[in-house]
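The values are calculated or read from the model by the stated rules, or taken from the named source; none is laboratory data. Keep in mind that what you see is a predicted model, and the values were worked out from it rather than measured. Because the Cβ atoms are built from the backbone with ideal geometry, glycine has one as well, and the counts that use them run over all protein chains shown. Each accessible area value is taken on the protein alone, full model and side chains, heavy atoms only, with ligands, DNA and RNA left out. Shrake-Rupley method; radii C 1.70, N 1.55, O 1.52, S 1.80 Å.
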Amino acid sequence: MRRNGLWKKLTALGLAASMVLAMSACGKKETPAETPAETPATTEGESTSEGSEAPSGEGKTKISFWSPFSGGDGDIMTAMVDEFNAQSDTTEVEFMIFKSEEYYTKLLAAITSDSAPTLAISHATRIKEYVTDGLLEPLDELAATTNVDWTEFTETLQQASQVDGTHYCMPLDTHLLLMHFNVDEFDKLGLLEADGTVQVPRGEEEFFKFFEGIRDQLEAGRMPLSGTSMNGLPMYLWYTLLTQYGGDVCDESGTTATLNTEENKKALSVIMRMVDEEIWPKNQKNGAELFTGNIAVATINGDWAVPTFEGTDGLNFVSMPFPQLTDKDSVYADSHTMVLPVNKNKTDAERASAMEFMTWMTDHTEMWAQAGHIPSKTAMIESDAFKELPYRSLYAESAKYAKTFPQICGVAGLTEMSYRELASMIAGEQDVETTANNMQEEFQKILDSYNK
């Protein structure tokens, strides 16, 4: 295991609090925190480490479980842990929640010092990096003891949970980019369907015609679309458009960046057209607040924002799949997964209890779906319990064409780079051509550093 190399990377980062959770990152660098309600699994406010308050059980194997979940999703996860503890005769889970901006730095530091938790949450896009550095235990042998059937997971997650044919994580969900609409406003605009949904016509020009029509009907000071102008939101939008136009960030080998391409320039141009035509005005500090405050009649945000919107008094909204601007279905996504970090002090009994817990969690994701996420197993998506939750079934089909970053090392650097370059472009500091060239050059350097 290449711990010496990883420790040097951590030292270079300084274990700084400024290095934060990136939804789609898997690698050495951490990235700036996203605006509340526009970052998966985080909400506004400071959250300190806290544990489940389930009563201790005598004779149970105690295991530790770390996560970056705070606010409403933290409450849901805590309730799930409590329910498991109440049902299990063999295992007691001690659940710890950390601030999202500190989580991955703390987790990596714990792994290097053999003080890692028994199991932890990791985004699927980090798995390749962690496996490459020897930081995760394989799951297949343990999974066989609880009769895990990997084919029960969605096809996308079956692939995301493996590195070179071996499973290293157990997915809890798919979370992805959506578009949310103020039902009352779209009813006034005459754009609400009979079933209470909003259907944006397919195609680039149709998309712009639809939102230009809305823009022209709104009074001064209001906008068709909101979405925070920096950090995660522009990246989610950019990758959605890039893949809809048939592009991606690198070739299949993961060695050559493919960002100085017509596909990327098209995706960047569409973003700037949205900004320049004031369909999605720039300089938005918090797109979610513009939506809940009825300044914007629709917003670009992830499924993780659904609980925030549900908790907003007087907001009548519907969450829908992100519009498709081409004939290729695609939308940016990631997955919260459970992993076993390497720790030489971990016992076989703790490993067995961790697998019992992970199996139970994936069998009860109807509870986790309350956080807005799409369950990881097909049967749960098709269950009555999931279908009874508002909005979820409307966008669950998106999971079938959800697109994560390729399974490569260097995704964390890609994330940080895209945050910076997209923010500069949206602010008007550089044009599309410069942005594409910068992205190509910077990401190629990142890939080269991993493929020497």
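Just a few scattered comments:
- For the range 342-356, a tally of residues being surrounded by fewer than 22 Cβ atoms within 10 Å (Cβ to Cβ) and under 21 Å from Phe95 (Cβ atoms) returns 10.
- Summed over the range 407-452, residues that are touching a helix residue (DSSP H, G or I) at 6+ places or on another chain (Cβ under 9 Å), modelled with pLDDT under 95 and assigned to a loop (DSSP other than H, G, I, E, B) total 4.
- Checking Thr359, Thr404, Thr434 one by one, the residue that is without any contact (Cβ under 8 Å) to a residue 40 or more places away in the chain, open to solvent by less than 60 Å² (accessible area, probe 1.4 Å) and among the hydroxyl-bearing types (Ser, Thr, Tyr) is Thr434 and no other.
- Scanning the range 214-223 for residues that are closer than 17 Å to Gly293 by Cα, hydrophobic (A, V, I, L, M, F, W, C) and under 31 Å from the mean Cα position of the chain (by Cα) turns up just one, Met223.
- Count of residues meeting criterion [farther than 16 Å from Trp304 by Cβ, part of a helix (DSSP H, G or I), open to solvent by 40 Å² or more (accessible area, probe 1.4 Å) and out of contact with any Ser or Thr (no Cβ under 8 Å at 6 or more places or on another chain)] in the range 65-100: 4
- Taken over the range 204-237, residues that are in contact with a Lys or Arg (Cβ under 8 Å, 6 or more places away or on another chain) and aromatic (Phe, Trp, Tyr) amount to 1.
- Test: residue in the range 198-210 that is assigned to a helix (DSSP H, G or I), in contact with a helix residue (DSSP H, G or I) (Cβ under 9 Å, 6 or more places away or on another chain), at pLDDT 95 or above and open to solvent by less than 10 Å² (accessible area, probe 1.4 Å): yes
- The set of residues in the range 227-247 being of a type outside the set (A, V, I, L, M), more than 13 Å from Lys266 (Cβ to Cβ) and not in a helix (DSSP H, G or I) consists of Gly227, Thr228, Ser229, Asn231.
- Restricting the range 272-328 to residues that are under 19 Å from the mean Cα position of the chain (by Cα) and hydroxyl-bearing (Ser, Thr, Tyr) leaves a set whose member that is most open to solvent (accessible area, probe 1.4 Å) is Thr308.
- Comparison of Ser269, Ser226 shows that the only residue that is of a type in the set (Ser, Thr, Tyr), under 21 Å from the mean Cα position of the chain (by Cα) and farther than 19 Å from Ile408 by Cβ is Ser226.
- Subset of the range 250-265 [under 30 Å from Met223 (Cβ atoms) and either within 24 Å of the chain's Cα centre (by Cα) or open to solvent by less than 50 Å² (accessible area, probe 1.4 Å) (or both)]: Leu259, Glu263, Asn264, Lys265
- Scan of the range 211-230 for residues that are open to solvent by less than 30 Å² (accessible area, probe 1.4 Å) and of a type in the set (S, T, N, Q), ordered by number: Ser226, Thr228, Ser229
- Residue count, the range 101-136 (criterion: assigned to a helix (DSSP H, G or I) and not small (Gly, Ala, Ser)): 18
- Filter result for the condition that a residue is hydrophobic (A, V, I, L, M, F, W, C) and touching a helix residue (DSSP H, G or I) at 6+ places or on another chain (Cβ under 7 Å), over Leu225, Leu218, Leu191: Leu225
- Once the range 115-146 is narrowed to residues that are modelled with pLDDT under 95 and among the polar types (S, T, N, Q), the residue that is least open to solvent (accessible area, probe 1.4 Å) is Thr125.
- Test: residue in the range 191-199 that is among the polar types (S, T, N, Q) and more than 15 Å from Leu315 (Cβ to Cβ): yes
- Glu441 being out of contact with any Ser or Thr (no Cβ under 7 Å at 6 or more places or on another chain), closer than 20 Å to Glu252 by Cα and open to solvent by 60 Å² or more (accessible area, probe 1.4 Å): yes
Quick grid of which residues meet (1) hydroxyl-bearing (Ser, Thr, Tyr); (2) crowded, with 20+ Cβ neighbours inside 10 Å; (3) on the phi > 0 side of the Ramachandran plot:
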{"residue": "Glu366", "(1), (2), (3)": "no, no, no"}
{"residue": "Met380", "(1), (2), (3)": "no, yes, no"}
{"residue": "Ser383", "(1), (2), (3)": "yes, no, no"}
{"residue": "Ser393", "(1), (2), (3)": "yes, no, no"}
{"residue": "Lys400", "(1), (2), (3)": "no, no, no"}
